[in-house]
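To start, the structure itself, in structure tokens.
The values are calculated or read from the model by the stated rules, or taken from the named source; none is laboratory data. Because the structure is predicted, anything quoted here is derived from the model rather than measured. Cβ atoms come from the backbone with ideal geometry, glycine included; neighbour counts cover every protein chain shown. Accessible surface is based on the protein model in full, side chains and every heavy atom, while ligands, DNA and RNA are left aside. Shrake-Rupley method; radii C 1.70, N 1.55, O 1.52, S 1.80 Å.
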Amino acid sequence: MPGPAAGTAHAATTTDVVCLGESMVTFLPSQPGRLADVPSFGRGIGGAESNVACALAAAGHRAAWVGRVGADGFGDHLVETIAGYGVDTSAVRRDPVRPTGIYFRTATDRGAGAHEVAYYRAGSAASAMSPSNVPYGEVFAGRILHLSGITAALSADCLELLRELTAPRQGRPLVSFDVNHRPHLWRGGDASVLLELARRADLVFVGEDEAEEAWGIVGAEAIRAALPEPAVVVVKRGSAGATVFSGLRPGPRSSNAGGAESGPASRSTEGGGAEDAAAGAGSGDTVTVVPALHVDVVAAVGAGDAFAAGFLSATLRGLPVRDRVRHGHLMAAAVLTVPGDLTEPPARDHADRLAALDDGAWGRLRLGPGWTAADRAPEEVRTS
């Protein structure tokens, strides 16, 4: 089965981040209620990896999306819309037989009991991605390769592809992996494979809730203990913020993309109170705790992808870990304060000013619709 050659070069490339995964056309309800009662739907796009690519491109980075869509109108819509955000879609492949996936969802929060999603993705073009049909030259062309656990659940071939892409090899880009556990995709499957894939990455995003649901692992320290290999593990803790474990890891895993895979060989905490200093970590780890923002939520969708994009953006710029997390929170807040999965992020200098606030001012921020306007100075953003 063909795959990338050892020592694949990427140092001379111009792409910052390559995101690989499935994107689908999503149908958004015209009003709240059960799917059975919604009279009409508006068309949008959805896909964890393409969301990250779009957010990064909107933030001024050179982003590419690699995927597979059908040779149909929905595939045309996906490629054209994603490219419209400034994302390089030249490596997207069209499947002449399989269709582009679509789904319908209700307006409620994904975590709410009344939330409904109807997926029509079985046998989709994206589910046919495999080690034999992915353009490896384009996949490994960036400083960072961003993947998610959603792809691993689509088919046996997709899982094999992720195993291939996360395999340690000399010269691979920094591999970023968002666990993105979706229980409905793993019915009858074994989600523990997500732990295997995460351990092969350099940078991991995982929610406390999904680690418990998928692996039975409870708490940030236990998650880090289960993921000793990645240089950086970002544990998302909902309204409590995020805890980052960072430290130098041995072995031929990846090259440097802004210093994300390395950290001081010491244990400390940044951006959190003294009570957070006891958060345990392995030997050589730095522990960084950053509180979440107060956000007036319009729609609770797309925040996880936006957070990953903000963190990766700051990683590419070589910012300190605390600021990487803060940029993740700010990018998530931009999406949470609009109806859809994607939005224009705050201007870089605006986000930098907010990320640089002292802990007290950061804790007082309350962001609502319109906060990303370029003329809003930090002191003009509403405080709680």
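Worth pointing out:
- Any hit, region 196-203, residues being at pLDDT 95 or above, in a strand (DSSP E or B) and open to solvent by less than 40 Å² (accessible area, probe 1.4 Å): yes
- Scanning region 34-52 for residues that are part of a strand (DSSP E or B) and open to solvent by 10 Å² or more (accessible area, probe 1.4 Å) gives 41, 42, 43, 44, 45.
- Taking every residue in region 133-144 that is free of Cβ contacts under 8 Å to residues at least 60 places away in the same chain and pairing it with any residue that is of a type in the set (Ser, Thr, Tyr) and surrounded by fewer than 24 Cβ atoms within 10 Å (Cβ to Cβ), at least 6 positions away or on another chain, yields no pair with a Cβ-Cβ distance below 7 Å.
- Hits in region 324-354 (condition: among the charged types (D, E, K, R) and either under 13 Å from the mean Cα position of the chain (by Cα) or in a helix (DSSP H, G or I) (or both)): 324, 326, 341, 348, 349, 352, 353
- The strands (runs of 3 or more DSSP E) found wholly in region 53-98 and carrying at least 1 residues that are among the charged types (D, E, K, R) and modelled with pLDDT of 95 or more occupy 68-70, 93-95.
- Only a single item in (1) small (Gly, Ala, Ser); (2) under 17 Å from residue 56 (Cβ atoms); (3) more than 16 Å from the chain's Cα centre (by Cα) is not met by residue 176, and it is number (3).
- Among the residues of region 206-213, some residue qualifies, meaning at least one is part of a strand (DSSP E or B) and under 30 Å from residue 297 (Cα atoms).
- Restricting region 160-181 to residues that are touching a Gly at 6+ places or on another chain (Cβ under 9 Å) and over 17 Å from residue 19 (Cβ atoms), the residue that is surrounded by the most Cβ atoms within 10 Å (Cβ to Cβ) is 181.
- Residue in region 302-318 that is open to solvent by 40 Å² or more (accessible area, probe 1.4 Å) and modelled with pLDDT of 90 or more present: yes
- In the set (1) modelled with pLDDT under 50; (2) closer than 19 Å to residue 205 by Cβ, the condition left unmet by residue 267 is number (2).
- Within region 352-379, residues that are farther than 21 Å from residue 303 by Cβ and at pLDDT 90 or above have Cβ atoms under 8 Å from residues that are open to solvent by 20 Å² or more (accessible area, probe 1.4 Å) and of a type in the set (Asp, Glu) in these pairs: 356/323, counting only partners at least 6 apart in sequence or on another chain.
- Tally of residues being of a type in the set (S, T, N, Q) and open to solvent by 10 Å² or more (accessible area, probe 1.4 Å) across region 131-153: 2
- Within region 33-52, considering residues that are at pLDDT below 95 and among the charged types (D, E, K, R), the one farthest from residue 119 (Cα to Cα): 37
- Where strands (runs of 3 or more DSSP E) sit wholly within region 103-180, those with at least 1 residues that are touching a helix residue (DSSP H, G or I) at 6+ places or on another chain (Cβ under 7 Å) occupy 142-148, 174-178.
- For region 233-242, the criterion of being out of contact with any Asp or Glu (no Cβ under 8 Å at 6 or more places or on another chain), β-branched (Val, Ile, Thr), in a helix (DSSP H, G or I) and modelled with pLDDT of 95 or more is met by no residue.
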